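Data block below; observations after.
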Amino acid sequence: MVGNNGARPVQFGIFEVDLRAGELRRNGSKVKLQEQPFQILTLLLERPGEVVSREELQKKLWPADTFVDFDHSLNAAIRRLRDALGDSAENPRFVETVARRGYRFLAPVNGGNGSVAKPTPQPAARSRRWHIFVTAALLLAGVVVGLVIADWPRHFIPINSSQIKLRRLTANPENDPVAGAVISPDGRYLAFSDNNGFYLREIDSGETHALKLPAGFAAVPAAWYPDGAHLIATWVEGPKSASSLWQISIMGGSPRKLIDDGRQPSVSRQGSQIAFVRGPNLDESLWLMQANGENPRPLLVGQKTMFGMPAWSPEGRRIAYVTGSYLPDLFEVRTGIEIYDLDSSVRQTILSGVPEAPPRPLPVVPAGPPRDHEGVTASGRHPVTIDHHLGPGLALDEASHFGPGLVWTTDDRLLYSRSEPRPNQGDSNVWSVPLDSQGHVAGAASRLTATPDDVSNLNASRDGKRMAITKYSVNPDVYVAELNSTGTRLSTPQQLTLDERRDFPFSWTPDSKAVLFASDRDGIYHIFKQQIDEMVPELMVGGDEQTVAPRLAPDNSTVLYVIWPRLGEASVRGRVMRVPLSGGPSQTVLEQDGLGNVQCARFPSTLCLFDVRGTSELLFFRFDPSTGKSEELPQARIEDTPAYAYNWSLSPDGKILATAKGKGGLVTRKDPSITFLSLENGSKHVVTAHAWAGIGSIDFAADGRSLWTSAYTNTGTWALLNIDLQGRTRTMLEDTKMAVGWAIPAPDGKHLALWKARGTSNVWMLERF
C-alpha cells in the first residue's frame with residue numbers, strides 16, 4: 001500500500017483516501033469529511049482488522065494539555081466518519097465498535113495487505129484558531145438557532161481562573177441521554193436518571209447505585225429536600241398523561257404522589273414549601289404548595305407565558321425564575337429573569353433579554369427523556385414545536401436569551417445560563433451576577449464557563465460551591481427514503497446532509513433528483529440544493545438575511561422563499577421572494593405583515609397560498625407568484641386561540657387545504673385532529689390521529705390522497721405516519737432514538753426527504769473554590 005508520498009490513494013470498497021490532499025472520495029466524487037474524522041479514518045486504515053483503542057485515538061487527536069470532553073468528541077467524530085461512509089454502528093461494513101476497547105476497520109484495504117503511511121500533519125493553527133475565536137466571541141448577545149461550523153473542533157475551553165473547576169459526572173451515549181439530574185444539598189451525591197433507571201452517584205468516588213423503584217415507575221429526579229434523604233421526581237404515567245410530582249426516599253419505600261400536573265419543582269431552603277410550574281406551554285403558571293403537597297395555590301398566571309424552574313432566595317421569601325412571553329401579533333419571544341416577593345406579591349424584572357425572532361419552530365427534540373402532556377422534557381426544557389409551515393427559525397427554548405434554570409447562592413449571587421453570540425448561538429454558558437439585599441442587580445455579570453452545547457438545567461448544593469449543569473446538543477439532518485411501488489413500505493432513511501449544522505428540507509426539484517433545504521451552515525439560514533446522489537450541496541440563496549422555506553412554484557422553474565425581519569427590528573413585515581431554479585438574482589414578489597408559510601400546488605394548477613396569523617385568527621391568501629397580487633380566501637379563515645398552533649398543507653392539485661391543530665409542544669389536545677377543507681365548495685371533514693399524544697407537521701403525499709405526518713408519544717417514541725383523507729392511519733417509521741420531523745414527498749412519489757435528529761444529554765459539575 002502506498003503512503004503519503006506514493007502515487008496512488010488508499011482504496012476500500014467504493015471509497016478512496018488521498019492522504020496527500022487529505023480527501024475522501026466516493027466513486028470519484030469528493031466526500032465532505034472534517035479533520036478529526038479524517039484523522040480517525042487514517043489511523044484505522046494503518047491497522048485494518050486490528051482494534052485501535054479509544055485511548056490511542058484520544059492521544060492522536062488531542063494534545064495532552066487540551067481540556068476536552070473526550071468521550072463526547074470522539075463519539076461525535078466516529079459518528080461523522082460513519083455518516084460519510086454510509087455506515088452504521090448496528091450493522092457496520094467499515095468501522096466496527098469493539099465494546100469497552102475501541103474500533104476496528106473491517107473492509108479489505110487495497111487488497112487487504114500492506115500499511116498506510118501517516119499523512120502529512122495538518123496545520124496546528126486549527127485548534128489555536130478555535131481558542132482565539134472563542135476568546136474574541138465572549139460577548140453578551142441574543143441568540144436564535146444553534147450555529148456550529150462543522151469543521152471546528154468541539155473543544156472545551158478552560159476558564160482562566162483557579163477558582164472554577166469543571167468536571168464531567170456522566171458519560172451517557174446518544175441513545176441513552178440523561179433525562180434529569182440534581183445534586184444533593186451537601187454536594188456529595190448526584191441523583192440522575194436515563195432510559196435504563198434511576199441512580200445515585202457518590203461524586204467524589206464515582207460509585208453509582210441504582211435506586212430501586214416500583215416496576216413501571218419511570219421517575220426523573222427534579223429536586224432534593226434539605227434533609228438530603230428525600231427527592232422530588234416527575235413521572236409521566238401514560239402517553240397522554242400530565243407530568244406529576246412525587247416524593248421519593250433514597251432509603252427505599254413506596255413513592256408518594258404530591259400533586260398532578262406539576263413540573264420543575266424547587267424546594268425552599270427551609271424545606272417547608274415547594275414552588276413549581278403548571279399548565280400548558282405558553283400558558284404556564286407558577287404555583288406554591290407545602291412540602292407535603294398540601295394547599296397548592298397559584299402565584300403567577302400568565303397568558304402566552306413560559307416559566308423556568310424557580311430558585312429560592314437564601315431567606316426563603318423571594319423566588320427568581322426565567323420567564324418568556326410570546327407576542328403573536330409581533331411574532332416575538334421576549335425573555336427575562338424576574339424575582340417575585342412572597343410578602344408583597346410584587347414581581348420585578350432584574351435582567352432582560354433582547355426581543356427574539358418569531359417562534360417559527362423547528363422540531364429538534366431528541367427521543368429519550370420522558371415528556372409530560374405539554375411536551376416539556378423532564379429536565380425542564382421546552383422542546384421545539386413541530387411546524388415547518390411557519391418556517392425554520394426558533395425553538396422556544398433555544399430562542400430564549402436565558403436558559404430555564406437558576407441558582408440563588410447563599411452569598412446572594414444569581415447563577416444563570418445565557419446563549420452565545422454567532423456563530424455559536426446553539427451553545428449557552430453559565431454566568432453569575434451579584435444581587436443586593438433587595439434582590440436588585442448589584443454589579444457586573446461574570447462568565448463562569450465557556451463550553452460548547454446548551455445548558456438546559458442548573459442546580460446546586462446548599463452552599464453553592466458545587467453546581468450540576470446538564471449539557472444538551474442536537475443536530476437535525478436531511479434524510480432521504482424510498483417508497484415501494486404501492487406506497488406502503490418505506491426504506492431505511494439514508495442521511496443526505498453530512499455536517500453539524502441544522503438542515504431542514506422543504507421541497508424537491510421537478511425531476512425528483514434534488515432536495516431544496518434551508519441550512520444555517522453559513523451562520524444564518526440560507527437555501528441550498530443537493531442532488532440525492534451527491535455529498536455536497538449547492539448554495540442557491542445566500543446573503544446576510546434569513547432565507548427560508550424554499551417552495552417550488554407551479555411553473556417548475558421558479559423557487560419561492562421567505563425573508564423575515566431581522567432580529568430586534570420593529571417591523572413585522574416579511575417578504576416572499578422568487579429566484580430561478582437554475583440560478584440568478586432574486587426578486588421580491590410581495591411583502592406582508594405577519595407572514596407565515598408559503599405553498600403552491602403543482603401544474604396545471606396555478607394556486608399559491610400564504611398565511612397570516614394573529615393571536616386568535618389564521619388567515620389564508622392566494623397570490624400570483626409573478627405579480628404578487630393577492631386576495632384572502634374567507635372560506636379558509638380559522639378563528640381559534642392560539643392560532644399559531646396550526647399548521648397546514650395544500651394538496652398538489654390545489655383543491656384541498658388540510659389544517660391541523662397538533663399538540664406540537666404548544667397545545668394540549670387529547671386527540672390531535674386534521675381538517676380537510678375543499679377549496680372548490682367549502683365543505684369540511686375532520687379525521688383524528690388516535691393513539692398519539694401529538695402530531696407535528698402535515699404534508700400532502702405526491703398523489704394528494706394522503707398526508708405525511710410526524711407524531712410522537714410522551715414516552716419518547718417518534719413516528720412518521722401516512723394518514724389518508726378518511727383517517728386511515730399507517731405507521732411508516734418509528735424511532736425511539738431520534739426525533740422524526742416532517743417528510744416532503746418528491747413529485748414522482750418515489751422518494752421522501754425528511755429530517756431526523758438525535759440529541760445528547762450529560763451532566764457536569766461546576767465547582768467553585
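The values are calculated or read from the model by the stated rules, or taken from the named source; none is laboratory data. Please read all numbers here as calculations on a predicted model, not as lab measurements. Here the Cβ positions follow ideal geometry from the backbone for every residue, glycine too, while neighbour counts run over all protein chains shown.
Data overview
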read-out: Residue match in the stretch 175-192 (condition: more than 27 Å from Pro310 (Cβ to Cβ), at pLDDT below 85 and among the polar types (S, T, N, Q)); value: yes
read-out: Conditions (1) closer than 28 Å to Pro604 by Cα; (2) surrounded by fewer than 21 Cβ atoms within 10 Å (Cβ to Cβ); number of the one not met by Thr717; value: (1)
read-out: Breaking point among (1) more than 21 Å from Met309 (Cβ to Cβ); (2) under 28 Å from the mean Cα position of the chain (by Cα), for Pro221; value: (1)
read-out: Complete set of residues in the stretch 464-507 that are touching a Ser or Thr at 6+ places or on another chain (Cβ under 6 Å) and of a type in the set (Lys, Arg); value: Arg501
read-out: Selection count, the stretch 605-652, where residues are more than 34 Å from the chain's Cα centre (by Cα) and in a loop (DSSP other than H, G, I, E, B); value: 8
read-out: Total residues in the stretch 439-450, condition within 16 Å of Ile164 (Cα to Cα) and either touching a Lys or Arg at 6+ places or on another chain (Cβ under 8 Å) or in a loop (DSSP other than H, G, I, E, B) (or both); value: 4
read-out: Checklist (1) of a type outside the set (D, E, K, R); (2) at pLDDT below 90; (3) not in a strand (DSSP E or B) applied to Gly271, failing item; value: (2)
read-out: Every residue from the stretch 1-30 that is at pLDDT below 85, closer than 22 Å to Leu496 by Cα and buried (at least 21 other Cβ atoms within 10 Å of the Cβ); value: Phe12
read-out: Single residue of the stretch 662-704 satisfying the filter (surrounded by fewer than 23 Cβ atoms within 10 Å (Cβ to Cβ) and at positive phi) that is modelled with the lowest pLDDT; value: Ala691
read-out: Residue count, the stretch 587-597 (criterion: modelled with pLDDT under 95 and crowded, with 17+ Cβ neighbours inside 10 Å); value: 5
read-out: Considering residues of the stretch 300-320 that are at pLDDT below 95 and in a strand (DSSP E or B) only, the residue surrounded by the most Cβ atoms within 10 Å (Cβ to Cβ); value: Phe307
read-out: Per-region count, the stretch 572-614, residues under 21 Å from Tyr646 (Cα atoms) and out of contact with any strand residue (DSSP E or B) (no Cβ under 9 Å at 6 or more places or on another chain); value: 1
read-out: Output for the stretch 508-537, where each listed residue is under 27 Å from Ile14 (Cα atoms), free of Cβ contacts under 8 Å to residues at least 40 places away in the same chain and among the small types (Gly, Ala, Ser); value: Ala514
read-out: From Asp522, Asp503, Asp533, residue being modelled with pLDDT under 95, buried (at least 22 other Cβ atoms within 10 Å of the Cβ) and charged (D, E, K, R); value: Asp503
read-out: Segments classed as strands (runs of 3 or more DSSP E), wholly inside the stretch 201-257, with at least 3 members that are in contact (Cβ under 8 Å) with a residue 12 or more places away in the chain and crowded, with 20+ Cβ neighbours inside 10 Å; value: 220-224, 230-236, 243-249
read-out: Check on Gly487, surrounded by fewer than 23 Cβ atoms within 10 Å (Cβ to Cβ), farther than 30 Å from Gln36 by Cα and in contact with a Gly (Cβ under 9 Å, 6 or more places away or on another chain); value: yes
read-out: Tally, over the stretch 470-506, of residues that are in a loop (DSSP other than H, G, I, E, B) and over 17 Å from Arg82 (Cα atoms); value: 8
read-out: Strands (runs of 3 or more DSSP E) lying entirely in the stretch 46-147 (those with 2 or more residues that are over 31 Å from the mean Cα position of the chain (by Cα) and at pLDDT 50 or above); value: 51-53, 102-105
read-out: Search result, residues across the stretch 409-438 that are in a loop (DSSP other than H, G, I, E, B), at pLDDT 90 or above and not hydroxyl-bearing (Ser, Thr, Tyr); value: Asp411, Asp412, Asp436
read-out: Residue among Val515, Val579, Val536, Val548 that alone is among the aliphatic types (A, V, I, L, M), farther than 28 Å from Leu33 by Cα and out of contact with any helix residue (DSSP H, G or I) (no Cβ under 8 Å at 6 or more places or on another chain); value: Val579
read-out: Verdict on Ser491 being modelled with pLDDT of 90 or more and among the hydroxyl-bearing types (Ser, Thr, Tyr); value: yes
